[in-house]
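Note sheet for the following structure.
The values are calculated or read from the model by the stated rules, or taken from the named source; none is laboratory data. In this text, all values refer to a predicted model and were calculated from it rather than measured experimentally. Please note: Cβ atoms are built from the backbone with ideal geometry, for glycine as well, and neighbour counts cover all protein chains shown. Heads up: the accessible areas ignore ligands, DNA and RNA and are worked out on the full protein's heavy atoms, side chains in. Shrake-Rupley method; radii C 1.70, N 1.55, O 1.52, S 1.80 Å.
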Amino acid sequence: MNTVSGKGLYILVNANAKRGGRRIAVQIARALPGATVRLTRSIQEVEGWLRTVLANGTSSIRCILSAGGDGSAVTLLNALDRVVPKGKPFPPIGALPLGTGNAWAHALGARKLDACVRALAKHHGPVPTRRYSLLECDGVLTFFGGCGWDAQVLDDYRQQVEQSPSSRIAKSVWGYVTAMLTRTVPKTLLHGRPRVIIENLGDEVYVIDEGYRLKRLEGARRGTILYDGMASVAGAATCPEFGYGFKAYPFAERLLDLLNVRLYDQKALSAVYDIPKLWRGQHPLEGMQDWFATEIRMTFSRPVPLQIGGEAVGSRLTVEFKKSDRSVDALDWRMLGLA
C-alpha cells in the first residue's frame with residue numbers, strides 16, 4: 001500500500017459514535033497512512049482542530065471528513081461555518097458512515113465504512129465532489145430538519161436505546177420502527193395532530209405534480225400562505241434521505257438552489273399503513289404535499305418536537321427554514337467506485 005495514500009485527508013472521528021470512536025480512529029489511521037485523524041468529543045474541540053488545519057490555507061487539503069452519523073456531519077459543517085470567513089468557500093468535505101442513520105453519507109453514495117476507507121486508500125489526487133446545498137434552521141447549518149412525528153420518533157428512539165443499551169435490534173432500523181409503533185403512535189393518538197400555517201418568506205415557489213413535473217406556483221410571493229391545516233410531519237431538506245434508506249424527501253435534489261419543503265398529514269393508523277410507501281418516497285401519496293422555496297416559516301397551534309440533522313432539539317411553536325448562502329463540495333463516493 002502507498003505509504004502516503006492518506007496524505008491531504010483530515011478525518012474527524014466522533015468519540016461518541018455508535019460503533020466506538022478510539023478503536024475506529026486507530027483503524028482508519030492504519031488504513032490511510034499519511035492522513036490526519038483526530039478524535040473529538042465536542043464542537044469546541046472540532047473548531048480548535050479546524051483552525052489548526054486551516055492555518056496554512058487549503059491548497060494541501062484533499063478532503064475533510066467526518067466519521068460518525070449525521071450529527072457529526074452537522075457538527076463539522078457548523079464548525080467550518082464559524083472558522084471559515086463568510087464569502088470564502090469551505091474545503092472539500094465528506095462523510096464516513098459511523099453513526100446510526102447516516103442519511104447524508106448514503107445520499108452521497110457511501111456504503112460500509114470499510115469499503116469507503118479502501119476506496120480512499122486507492123485514490124490519489126483531488127477527490128471527486130458534487131455541489132451540495134445546505135439550509136439553516138434555528139441557527140444551525142444542516143441538510144434536513146423537521147417538526148412533528150419525525151422529531152418525536154427520533155426522541156422516542158433515543159429513549160428506547162438508552163433503556164436497552166445492549167440491544168442490537170434497538171440500534172437498528174427496526175429500532176426506529178418499534179419506537180414509532182410502541183411510543184410515537186400512542187402519543188399521537190392521545191394528543192392528536194397540530195395545525196400549521198406554512199408561509200413563504202422568499203420569492204418564487206415551485207410545486208411538483210403527479211407526473212413528477214416541476215411547475216412554478218403562480219402568484220406566490222413573500223407572505224403567501226402555502227398551507228393552513230393539520231400536520232403530522234412538516235419540514236425541509238436538501239438531502240433526500242432520512243437514514244436507513246428512508247426517502248423522506250425524494251425530490252430534495254431536483255432544484256439545488258431551493259429547499260424541498262414537505263408536509264404529510266394523515267391520522268396515526270393511516271400513517272402506519274403508509275410506512276412502506278413513505279420509506280420508498282412514493283409519489284403521489286395521499287396527504288403529502290411538496291413545495292420548493294428559498295425560505296419558509298411554519299407556525300404551529302401548539303409546541304411540536306423539532307429535529308435538526310437527525311438530532312432532537314426540543315419543541316418549538318414557530319420554525320423557519322432558509323436556504324443557506326453556504327454550499328459545499330462534498331465527496332461523491334459513487335465516483336470512487338461505490339455506486
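Please note which helices (runs of 4 or more DSSP H) are completely contained in region 1-108 and include at least 1 residues that are surrounded by fewer than 17 Cβ atoms within 10 Å (Cβ to Cβ).
22-31, 43-54, 70-83
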Review point. Between a first residue in region 202-220 that is open to solvent by less than 100 Å² (accessible area, probe 1.4 Å) and outside any strand (DSSP E or B) and a second residue that is among the small types (G, A, S) and at pLDDT below 95, which pairs have beta carbons less than 6 Å apart while being 6 or more apart in sequence or on different chains?
Key: none
Point to revise | Residue that is farthest from N102 (Cα to Cα), among those in region 311-326 that are touching a Pro at 6+ places or on another chain (Cβ under 8 Å) and buried (at least 18 other Cβ atoms within 10 Å of the Cβ) | key: R316
Revision key, fill the gap. Pairing a residue in region 225-239 that is acidic (D, E) with any residue that is open to solvent by 10 Å² or more (accessible area, probe 1.4 Å), where Cβ atoms lie under 7 Å and the two sit 6 or more apart in sequence or on different chains, gives D228/I197
Point to revise | Among residues of region 209-240, those that are out of contact with any helix residue (DSSP H, G or I) (no Cβ under 8 Å at 6 or more places or on another chain) and among the polar types (S, T, N, Q), counted | key: 2
Point to revise | Selected residue (only one of R51, R118, R111 is basic (K, R) and within 25 Å of Y176 (Cα to Cα)) | key: R111
Revision key, fill the gap. Result of the Cβ filter at 7 Å on region 114-141, keeping first residues that are within 18 Å of V13 (Cβ to Cβ) and partners that are among the aliphatic types (A, V, I, L, M) and open to solvent by 50 Å² or more (accessible area, probe 1.4 Å), at least 6 apart or interchain, is A121/M1
Check your understanding: Which of the residues that make up region 271-305 are closer than 18 Å to L255 by Cα, open to solvent by less than 50 Å² (accessible area, probe 1.4 Å) and assigned to a strand (DSSP E or B)?
Key -> D290, W291, F292, A293, E295, I296
Point to revise | First in region 24-37 and closer than 14 Å to A119 by Cα, second anywhere and of a type in the set (D, E), Cβ under 9 Å, 6 or more apart | key: A31/D114
**Study point:** Neighbours by Cβ (under 8 Å, 6+ apart or cross-chain): first from region 296-312, over 26 Å from L77 (Cβ atoms) and modelled with pLDDT under 95; second open to solvent by 50 Å² or more (accessible area, probe 1.4 Å) and of a type outside the set (F, W, Y)
**Key:** R302/L317; P303/S315; P303/R316; P303/L317
Study note, to complete from the structure: The correct count of residues that are closer than 23 Å to D203 by Cα and of a type in the set (A, V, I, L, M, F, W, C) in region 248-292 is 11
Check your understanding: Taking region 115-136, which residues are farther than 24 Å from F242 by Cβ and open to solvent by 70 Å² or more (accessible area, probe 1.4 Å)?
Key -> R118, K122, H124, P126
Exercise for review: State whether the residues of region 318-334 include one that is assigned to a helix (DSSP H, G or I) and closer than 30 Å to K88 by Cα.
Suggested key: yes
